[in-house]
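Worksheet: the structure to be examined is printed underneath.
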Amino acid sequence: MANKTAYERVTAARSPKKMTTDELISGLISNFFELHGDRSDGDDQAVIGGVGRLNDQPITVVGIRKGTDTEENIKRHFGSPEPEGYRKALRLMKQAEKFHRPILALVNTPGAWPDVDAEYHGIGSAIAQCLQVGMQLRVPYISIIVGEGGSGGAIALACGDRVFMFEDSIYSVLSPEGYASIMWKDSAKVKEAAEALKLTPEWLLKTGIIDQIIHEYHSGDDLEPLRDFLANQFNELKNLPVDELMRQRHNRYRKF
Amino acid sequence: MLQSRFKMPSREELKKRMDNIPDNIMKECPVCHSTFFSMRAGKQRTCPNCGFGFRITAKRRAKITFDSFEELDSDVTVPKQYTDEKYMAKVAKAKKVTGIKESVLTGIGTLAKMKVAVGIMDPFFVMGSLGSATGEKIVRLFERATRDQLPVVMFTASGGARMQEGINSLMQMAKVSQAVEAHSKAGLFYLVVLCDPTTGGVTASFAMQGDIILAESHALVGFAGRRVIEQTIMKQPPKDFQRAETVIQHGFIDAIVPRSDMKKTLTNLLSLHTKENANGE
Ligand SMILES: [Zn+2]
């Protein structure tokens, strides 16, 4: 897989055949119970959240998800959350802290939803809160970039103790299309943009943006190895005194 | 004889005069579209008709806002790892225009004898974009303010992420956010002034994290770019949908303050948050 070009990686990350956020949740979490709404304005379908168990451990899961068909994609804005989605995620993450549950965040988004209502409802403020409050939650917090990790809409839920990426995933400051149009006024130069953005898991691992690359799973695969891997990671973090956990998280981001 | 009466000015003198010539003798206000002699914009650079504050350099803003200002970390600049020629040329030009080495000017200012940690973003430095060194300077400012128990006043003006620095620009959002939160947890006051334009990753982080968020009149404040939104909804967004006057109606700004009142307003709000005025513990 490592011999894919950056652009091939972009295509693979966006492939409709990729395992969805929902499939990952059902394969990883037993007794998952979905919790809806931001307690203020609405229930953004692009963000799923809930509680369940990872092996034996109670856990809170939040995830940004694309749809599997046109109807779902329209409801979920192709995986682009509205402010209500980020506020729902943050609400559930704060609840996780209250009950000392670790947090797993699954990210698959080209970016936050860019429309007029999202602006009116404070999309910038919602992401800013995820960063300011979410980053300081005193429970273990792991993020996985599942497919696309685009821009501020991705980092909002990708600022935990550890950040992992699937083999076929990308993480960048902007989509390659957006980059090409801003830098070269030519949105057709997507391949060059993908290279320039250095958005592959290999590169991001090398530069310390992420901590590990996760083997790619497909629909129907047994997720037991991934489940065990994540349970181990959470255990390592749980064994740290909370102040040490917070110190390490702080240092992780202070170095950038 | 003639020569001595019309002495050629020195090269330096000529250059100095050049620098003092405003770009345009006439100015047009982008908000009310009135035209006027540039001089009438005054030291504060505001529209004499509607009060709109034109974009100004960070250095000028420091001068017109604070009684005194002592710069910090003036040598922190774009890291050496970035070598792209076009980018370096942009940075070199920005340094010349703004007189600073990154898109934010940081320092310790005073207002009515109150000491305050100050950050001022410069819209003329690569569009005020959030580079790694921008983030670094802001974090150091918050760390210093936390250590010395100072309030922070931050003037934001930014086109958002620094594309040329890729994912490292994105990481600054997280890096700065945790410094803001540490300052907040220490019980210290953080005041934001949203200036024209505040967008993208700056809006989605420290611009929206203030205890009090002010905006200059008519400042553009938003997350996504107008063009991106236009392409998404396939029609023109409302004309002023990202103006401070609209954003305040949706509840994300505490007050809009014209530039001419800024100094007075900051002084008042800072004095309300001094230790002497706190009740009990
Ligand atoms: Zn005007």
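The values are calculated or read from the model by the stated rules, or taken from the named source; none is laboratory data. Bear in mind the structure is a predicted one, so any value in this text is a computation, not a measurement. Backbone-built Cβ (ideal geometry, glycine too); neighbour counts: all protein chains shown. In case anyone asks, the SASA skips ligands and DNA or RNA and just uses the protein heavy atoms, side chains included. Shrake-Rupley method; radii C 1.70, N 1.55, O 1.52, S 1.80 Å.
Specify the residue with the greatest mean-square fluctuation among A:GLN45, A:GLN132, A:GLN212, computed from a Gaussian network of chain A linking alpha-carbon atoms under 10 Å apart.
A:GLN132
A:THR68: net charge of surrounding residues, Cβ under 12 Å, Lys/Arg +1, Asp/Glu -1, itself excluded?
Cβ neighbours under 12 Å give a net charge of +1.
Among the aspartates and glutamates, which fall within straight-line cross-link reach of B:LYS93, defined as a Cα-Cα distance under 19 Å, with same-chain neighbours fewer than 8 residues apart omitted?
B:ASP19, B:ASP23, B:ASP75, B:ASP84, B:GLU85, B:GLU102, B:ASP122, B:GLU165
Can you list, by residue number, the Cys in chain B that have no neighbouring cysteine C-beta under 4.7 Å?
B:CYS195, each lacking another Cys Cβ under 4.7 Å.
Which shape class applies to segment B:54-276: rounded if a/c is under 1.5, otherwise prolate when a/b exceeds b/c and oblate if not, where a ≥ b ≥ c are the square roots of the Cα gyration tensor eigenvalues?
oblate
So what is the calculated 222 nm ellipticity per residue for chain B, using -39500 (n - 2.57) for each DSSP H run with n of 4 or more, over all residues, to the nearest 500 deg cm²/dmol?
Here the helix-only value at 222 nm equals -10500 deg cm²/dmol.
Along the charge dipole of chain B, Cβ charges K/R +1 and D/E -1, which of B:VAL78, B:THR65, B:PHE54 sits furthest on the positive end?
It is B:PHE54, whose Cα lies furthest towards the positive end.
Name the residue, out of A:TYR171, A:TYR120, A:TYR141, whose mean-square fluctuation peaks in a Gaussian network model built on chain A with Cα pairs under 10 Å.
It is A:TYR120.
Can you give the average number of partner chain beta-carbon atoms within 10 Å of each beta-carbon in peptide B:220-229, as a whole number?
The per-residue average across the peptide is 6.
Mind checking which of B:ALA182, A:ALA6, B:THR267 is farthest towards the positive end of the protein assembly as shown's charge dipole, using Cβ charges of +1 (Lys, Arg) and -1 (Asp, Glu) about the Cα centre?
B:THR267
Before we go on, tell me the buried accessible area for the B/A pair, both chains summed, 1.4 Å probe, in Å² to the nearest 100.
Adding both sides of the contact gives about 3500 Å².
Find the relative contact order for chain A and round it to a whole percent, using C-alpha pairs within less than 8 Å whose residues are 6+ positions apart.
19
Please find, in a Gaussian network model of chain A (springs between Cα atoms separated by less than 10 Å), the residue of A:ARG14, A:ARG227, A:ARG101 whose mean-square fluctuation is greatest.
Residue with maximal mean-square fluctuation among A:ARG14, A:ARG227, A:ARG101: A:ARG227.
If you stretched the chain out fully between B:THR83 and B:GLN249, how much longer would it get, using 0.36 nm times the residue separation minus the C-alpha to C-alpha distance?
The span from B:THR83 to B:GLN249 would gain 55.4 nm if fully extended.
Summing -39500 (n - 2.57) over the DSSP H runs of n ≥ 4 in chain A and dividing by its residue number, what mean residue ellipticity at 222 nm do you reach, to the nearest 500 deg cm²/dmol?
-12000 deg cm²/dmol
Roughly how big is the protein assembly as shown's charge dipole about its Cα centre, with Cβ charges of +1 (Lys, Arg) and -1 (Asp, Glu), in debye to the nearest 20?
Using Cβ point charges on Lys, Arg, Asp and Glu, the protein assembly as shown gives about 2600 debye.
Over segment B:54-276, what is the relative contact order in whole percent, taking alpha-carbon pairs under 8 Å and six or more residues apart?
Once divided by the residue count of segment B:54-276, the mean separation gives 16 percent.
What average number of partner chain Cβ atoms lie no more than 10 Å from the Cβ of the residues making up B:179-186?
Per residue, the number of nearby Cβ atoms from other chains is 2 on average.
I'd like the FRET efficiency for A:LYS4 and B:PHE37, computed as 1/(1 + (r/R0)^6) with the beta carbon distance as r and R0 of 51 Å, rounded to 0.05.
0.25
Using 7 Å Cα-to-Cβ label points, what is the B:GLU70/A:LYS191 separation (nm, one decimal)?
Distance between label points: 5.7 nm.
Highest first, please rank the peptides B:68-78, B:105-115, B:25-35 by the mean number of other Cβ atoms sitting within 10 Å of their residues.
B:105-115, B:68-78, B:25-35
List the residues whose amide H sits under 5 Å from the amide H of A:ILE210, counting only those 5 or more places along or on another chain, with H placed 1.01 Å from N in the peptide plane.
A:LEU205
Please compare each pair in A:LYS94/B:LYS137; A:LYS206/B:LYS80; A:LYS255/B:LYS275; A:LYS18/A:LYS198; A:LYS198/A:LYS255; A:LYS189/B:LYS95 to a cut-off of 24 Å on the Cα-Cα distance and tell me which ones are over it.
Beyond 24 Å: A:LYS94/B:LYS137; A:LYS255/B:LYS275; A:LYS189/B:LYS95.
Calculate how many DSSP beta bridges within the protein assembly as shown are antiparallel, expressed in % of all such bridges and rounded to the nearest 5.
Counting only bridges with both partners in the protein assembly as shown, antiparallel ones make up about 45 percent.
Per residue of B:201-214, how many C-beta atoms from partner chains lie within 10 Å of its own C-beta, taken as a mean?
Partner-chain Cβ atoms within 10 Å, mean over residues of B:201-214: 5.
Beyond 37 Å, how much of the Cα-Cα pair distribution for the protein assembly as shown remains, as a whole percent?
The share of Cα pairs beyond 37 Å in the protein assembly as shown comes to 31 percent.
Using a probe radius of 1.4 Å on heavy atoms only, what accessible surface per residue do you get for chain A? Whole Å² is fine.
I get 40 Å² per residue for chain A.
Give the lysines whose C-alpha is closer than 17 Å to that of A:LYS75, dropping any in the same chain fewer than 8 places away, or say none.
Qualifying lysines at Cα under 17 Å: A:LYS66, A:LYS88.
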